[in-house]
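**Q** Submitted below is the structure of interest, expressed as structure tokens.
The values are calculated or read from the model by the stated rules, or taken from the named source; none is laboratory data. Worth saying up front: this structure is predicted, and the values here are computed from it rather than measured. Note that we place each Cβ from the backbone using ideal geometry, even for glycine, and neighbour counts take in every protein chain shown. Note: areas computed on protein heavy atoms with side chains; ligands, DNA, RNA excluded. Shrake-Rupley method; radii C 1.70, N 1.55, O 1.52, S 1.80 Å.
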Amino acid sequence: MTDIADIMRTSAVIPVLVIDDAATARPLAEALVAGGLRVLEVTMRTDAALDAIRAMKQVPGAIVGAGTVVNADQFEQVMDAGAEFIVSPGLTERLATPIIASGVPFLPGIANAADIMLGLELGLTHFKFFPAEANGGLKALKALAAPFYQCSFCPTGGITEASAPEWLAFAPVLCVGGSWVTGGSMTDVETKARAAAGLRG
């Protein structure tokens with residue numbers, strides 16, 4: 001199984017996907033993958049999310065994970081649907097323990113030093129900085145990353161096409177999460193995905 005570091009390094013941008021209609025999932029995944037964004041995070045915010053994961057898994061080259069996983073029941077559901085990695089908005093020991101035990105790549109959300117320290121105690125070193133802009137932006141992450149030099153991050157929340165390059169230029173940031181690539185027609189999505197995939201050079 002690929003580890004979370006490899007997944008984070010696969011694409012400069014991980015699209016954060018809120019799918020209301022599972023019928024749109026596969027075409028969306030095909031457009032994103034064609035544009036060079038292979039890592040897809042389907043958030044557990046809608047009733048269509050599990051079917052969307054199953055549909056996107058059919059797209060060659062796609063690495064499909066589940067986001068907004070907040071409890072053990074959801075974890076079991078997304079694993080049954082075939083999720084290849086797990087993203088959570090925060091970090092608790094109760095949620096993390098079964099995910100870590102399963103061996104599936106896990107990217108928990110952190111917002112402060114205490115969150116990171118809990119993650120380190122659990123053996124984790126890769127985190128989602130969330131919500132990135134609301135938590136003080138790149139300046140805040142640089143301050144957090146200094147004492148936690150062994151950690152890597154995927155900032156998510158409020159990041160735009162315009163701000164992404166500055167985040168990605170900071171070495172501890174392996175990728176960013178964003179939703180700006182998902183709007184418009186599938187041709188538009190592929191075009192935006194190609195631009196996003198090239199942000200890291």
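**Q** Over region 44-89, what number does the Rg to Rh ratio reach, with both radii from the alpha-carbon atoms and Rh per Kirkwood? Provide the component values of the computation, followed by the final result.
**A** Values: Rg = 9.8 Å, Rh = 10.4 Å.
Ratio of gyration radius to Kirkwood radius for region 44-89: 0.94.
**Q** A follow-up question, please. Ignoring ligands, DNA and RNA, please state the percent of accessible area on region 104-201 from carbon and sulfur, probe 1.4 Å.
**A** On the way: 2460 of 4240 Å².
That share works out to 58 percent.
**Q** Output the peptides 111-123, 32-44 sorted from most to least packed, where packing is the average of other Cβ atoms within 10 Å over each peptide's residues.
**A** Working: 111-123: 15.2, 32-44: 23.8.
My ranking of the peptides, most packed first, is 32-44, 111-123.
**Q** Write down the accessible area per residue of the chain in Å², having rolled a 1.4 Å probe over the full set of protein chains. Provide the component values of the computation, followed by the final result.
**A** Numbers: 8620 Å² over 201 residues.
Accessible surface, normalised per residue, equals 43 Å².
**Q** A further question on this structure: Accessible area of region 6-78 with a 1.4 Å probe: how many percent of it is carbon plus sulfur? Numbers along the way, then the final one.
**A** Values: 1260 of 2840 Å².
Here carbon and sulfur together make up 44 percent of the probe-accessible area.
**Q** Follow-up. Taking 2.2 N^0.38 Å as the expected size of a compact globular protein, what ratio does the Cα radius of gyration of the chain give against it, to two decimals?
**A** Working: Rg = 15.6 Å, N = 201, 2.2 N^0.38 = 16.5 Å.
Normalised Cα radius of gyration, the chain: 0.94.
**Q** Oh, and also: Bin by bin, in steps of 5 Å, what percent of the Cα pairs in region 119-178 do you find, going until the bin that has the longest distance?
**A** 4, 20, 34, 25, 11, 4, 1, 0
**Q** While we're looking at this one, here's another question. Taking the Cα centre as origin and putting +1 on Lys and Arg beta-carbons and -1 on Asp and Glu beta-carbons, what dipole magnitude results for region 15-133, to the nearest 20 debye? Before the final figure, lay out each step's value.
**A** On the way: 7 positive and 14 negative charges, 55 e Å.
Roughly 260 debye for region 15-133.
**Q** With all protein chains present and a 1.4 Å probe, how do Arg45, Arg94 order by accessible area, largest first? Walk me through the numbers before you get to the answer.
**A** Working: Arg45 140, Arg94 215 Å².
Largest to smallest exposure gives the sequence Arg94, Arg45.
**Q** Turning to a different aspect of this structure: Which distance in nm do the two modelled labels at Ala146 and Gln58 give, with both placed 7 Å along the Cα-to-Cβ direction?
**A** Label at Ala146, label at Gln58, 5.2 nm between them.
**Q** Between Asn71 and Met186, what is the label-to-label distance in nm when each label sits 7 Å out along the Cα-to-Cβ direction?
**A** Output for this residue pair reads 3.6 nm.
**Q** A further question follows. I want to make sure I understand the PRE zone here: with the label point 7 angstrom from the Cα of Thr97 toward its beta carbon, which residues in region 58-72 have backbone N atoms less than 16 Å away?
**A** 71-72
**Q** Under 22 Å Cα-Cα from Lys142, which lysines qualify once same-chain neighbours fewer than 8 residues away are excluded?
**A** Candidates past the 8-residue exclusion: Lys128.
**Q** Of the chymotrypsin sites (Phe, Trp or Tyr not before Pro) in region 94-201, which ones lie in a loop per DSSP and count no more than 10 other C-beta atoms within 10 Å?
**A** Within region 94-201, the qualifying chymotrypsin sites (Phe, Trp or Tyr not before Pro) (loop, at most 10 other Cβ atoms within 10 Å) are Tyr149.
**Q** Then there is this: Provide the solvent-accessible area of Asp80, counting protein heavy atoms only and rolling a 1.4 Å probe, rounded to the nearest 10 Å².
**A** 130
**Q** In addition: Quick one: net charge of Asn135's neighbours, Cβ under 15 Å, K/R +1, D/E -1?
**A** Working: positive: Lys128, Lys139, Lys142; negative: Asp115, Glu133.
With Lys, Arg at +1 and Asp, Glu at -1, the neighbours total +1.
**Q** Once you have a ≥ b ≥ c as the square roots of the Cα gyration tensor eigenvalues for region 79-186, tell me rounded if a/c is under 1.5, and otherwise prolate or oblate according to whether a/b is larger than b/c. Don't skip to the end; give the middle numbers.
**A** Numbers: a/c = 2.12, a/b = 1.14, b/c = 1.86.
Here region 79-186 falls in the oblate category.
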